[in-house]
1. What is the magnitude of the charge dipole of the stretch 59-121 about its Cα centre, with +1 placed on the Cβ of each Lys and Arg, -1 on the Cβ of each Asp and Glu, and no other charges, expressed in debye to the nearest 20?
2. Could you please report the charge total around Ile60, scoring K, R as +1 and D, E as -1 over all other residues with beta-carbon less than 11 angstrom from its beta-carbon?
3. So, counting K/R as plus one and D/E as minus one, what does the shell of residues with Cβ under 13 Å around Ser205 add up to?
4. Give me the net charge for the shell around Glu115: Cβ to Cβ below 12 angstrom, other residues only, Lys and Arg +1, Asp and Glu -1.
5. Set the bar at 21 Å for Cα to Cα. Now go through Lys58/Lys263; Lys76/Lys239; Lys218/Lys263; Lys58/Lys78 and name every pair that lies beyond it.
6. Expressed in nm to one decimal, what extension gain is obtained for the pair Ile10 and Asn203 from 0.36 nm per residue of sequence separation less their Cα-Cα distance?
Amino acid sequence: MKFVLSLLLIAAAAVAGYVFEPQLRQALTGQVPAEVSSRSIPEATPTVITYTPEQLPKEILIRAGATITLEGSGLKMKAETGATVPLLRIEGNQVIFDTGSGTGSVAMSETDLAEQLSRLTKNPPPQPAPSAPPSPPVAIPSPIPSGEVEKPVETTMEGDSLTPDAPAPVPPVPPTPPEETVITPTVVAMQRSLENGDVTEFNRSQIVEWTTGPDEIKDGQPYQTGMVTCEVTTIFGSKHIQAKAYIQNEKVVNWVWPKSGAKIK
């Protein structure tokens, strides 16, 4: 009987300790038991992969239908066909590339850059092995296949000489006559400015149209305005862009891009 009573007292003490232990700990030590929660487990920090300029691909493919922005002029154009261009750098989600006559930008999602970087992550480039001294080149003669006879070049007789057959000449396409330009003091001022080399991003030979614009007030000053249309060649073909001139006293004061208002160098 005493043994059973002892077991009951021990069980009662265990239950009391389980129930009142947090309050007793705070009363005796002043410490509050910490709550264990799954939220206290730190989340894994995602690994950020960075690439050095040497690891980036030299070229990227711009997909057909991508929207391209030409730097400086701010001209936006659609890529009718895909094109491979030299990669210059990455700015955020924009890819900066070389157009051949300047720089352009396109969204990374409209190129194959992500696919190339994914392949680079899965298959990192091997470390270069120590270079060995180059072996001297050995000239190996090309074997002549047995039984093969060199085919003679077909020729035709023209006067006293033999000449190879040539394709028939294609008649040249007559150029489209340029539209007649009305010579005004504004046009004369713009022509003189380009002849003096006031801008370097285009020249007079690229101008396909000269127009006189309305008078404007800018920064409290009156100006005459003029507009020129230039033909520029990019990797996506020839395009027409416009430039605007602000003129005072029959002299060009500034050249700007009409869309962005940026000054033309």
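Coordinate-derived values only; no laboratory data. No experiment lies behind these values; they were computed from the predicted model shown. Cβ: placed from backbone, ideal geometry, glycine included. Neighbour counts: every protein chain shown.
1. Roughly 80 debye for the stretch 59-121.
2. Neighbour charge sum, excluding Ile60 itself: -3.
3. That sum, taken over residues with Cβ under 13 Å, equals -1.
4. +2
5. Beyond 21 Å between Cα atoms: Lys58/Lys263; Lys58/Lys78.
6. Working it through step by step, the gained length comes to 59.3 nm.
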